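Read-outs throughout are calculated quantities, based only on the coordinates presented, and are distinct from any laboratory measurement. Keep in mind that this is a model prediction, so the values were computed, not measured. FYI the Cβ positions are ideal-geometry reconstructions off the backbone, even for glycines, and counts take in every protein chain you see.
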Amino acid sequence: MNHFFSRIIFSLIFTGLFTFGAHAQTAELSTADSLFSNQKYTEAFEIYENIFQQKMASSAMLTRMAFIQEGLGNYGEALYYLNLYYLRSSDKGALVKMREIAEEHGLSGYEYSDFKFFENFIRKYQHLITLCLIAFSIFLLGYSFRKTKKDERPMISVALQALTLILILVVNNEMFLKQSGIIQKDQSLLMSGPSAGAEPLRTIGLGNKVVILESDELWTKIEWDGEMAYIRNKNLRRL
């Protein structure tokens, strides 16, 4: 009985803390939005950044953060927040804006394609798509079982089951949904291997967008200009 009441008290405390945190975050956001409306962008961004660090950023807030950073001339930061906004919203307007900034500063990695749009759609709804495919797979399993009990060959359902399982693997395969990153330090050095003693290949400028292949505590393997290279983690910001 005491254990039961302890769990109730813990749940109430946790709920209270969560509610308090949500109200505090809403108040912070309201203050930041007011500062933004009054064109006090630096002060507004400081609050937005605090909310962002708590992983509670809204899509609208990301666009404001990008606007502020672009106005300050920090195009790398502006592209970072615009990318995060696009990954959430699939708003093609964000793509247009990113291409404009990229063309102005001679950056690569922001080329648009139908495949990239499809990839982002899969990434955005990955969990929902996976659940739907699993539910369909279970339905096919039950259908095949009933057919088998009637001494019938469920050839079509077996083929659909195989296709469904393949789709589940594809949707959740990191080789298909490749992560991207933005270079956050100008003239970052690309190396032939994950070591300071490896051969330097070239430098890459701030704001360029690259495909991330794998990483460890210090180095990240990327794909850049059709080649594989390694870059220090501190010089790359993941999306």
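Between Gln126 and Met228, what's the calculated FRET efficiency when r is the beta-carbon distance and R0 is 30 Å? Round to 0.05. Intermediate values should be presented prior to the final figure.
Working: r = 26 Å, r/R0 = 0.86.
Once the sixth-power term is evaluated, E becomes 0.70.
Taking the Cα-to-Cβ direction at Asn50 and at Ala196 and moving 7 Å from each Cα, how far apart do the two end points lie in nm?
3.7
Taking the Cβ of each residue in Phe36, Phe145 as the centre, tally the other Cβ atoms inside 10 Å and list the residues starting with the fewest. Show your work: numbers first, answer last.
On the way: Phe36 20, Phe145 11.
Starting with the residue having the fewest Cβ neighbours, the order is Phe145, Phe36.
Between Arg238 and Val211, what is 0.36 nm times their sequence separation minus the Cα-Cα distance? Round to one decimal in nm.
On the way: separation 27, 0.36 × 27 = 9.72 nm, distance 0.97 nm.
Length gained between Arg238 and Val211: 8.8 nm.
Please turn the phi angles of the stretch 201-212 into ³J(HN,Hα) values with the Karplus equation 6.51 cos²θ - 1.76 cosθ + 1.60 (θ = phi - 60°), one per residue in order, whole Hz, x for glycine and proline.
9, 5, 10, 10, x, 4, x, 5, 9, 10, 8, 8
Using mean Cβ contacts within 10 Å as the protection proxy, how do 210-220, 75-85 order, highest first?
Working: 210-220: 15.3, 75-85: 22.7.
Order by mean packing, descending: 75-85, 210-220.
Taking the beta-carbon count within 10 Å as an exposure proxy, list Ser144, Ser195 from fewest neighbours to most.
Working: Ser144 19, Ser195 11.
Starting with the residue having the fewest Cβ neighbours, the order is Ser195, Ser144.
How much length, in nm to one decimal, is gained on full extension between Lys221 and Phe145, taken as 0.36 nm per residue of separation minus their Cα-Cα distance?
Working: separation 76, 0.36 × 76 = 27.36 nm, distance 4.63 nm.
Fully extending the segment from Lys221 to Phe145 adds 22.7 nm.
Rounding to the nearest 20 debye, state how big the charge dipole of the stretch 179-238 is about its Cα centre with +1 on each Lys and Arg Cβ and -1 on each Asp and Glu Cβ. Don't skip to the answer; put the middle values down first.
Numbers: 8 positive and 8 negative charges, 58 e Å.
The dipole of the stretch 179-238 has a size of about 280 debye.
Multiply the residue separation of Asp186 and His105 by 0.36 nm, subtract the distance between their alpha-carbon atoms, and state the gained length in nm to one decimal. Can you show the working numbers first?
On the way: separation 81, 0.36 × 81 = 29.16 nm, distance 1.22 nm.
Stretched out fully, the Asp186 to His105 stretch lengthens by 27.9 nm.
Check which residues have an amide H placed less than 5 Å from Leu236's amide H, if you skip close sequence neighbours.
Gln184
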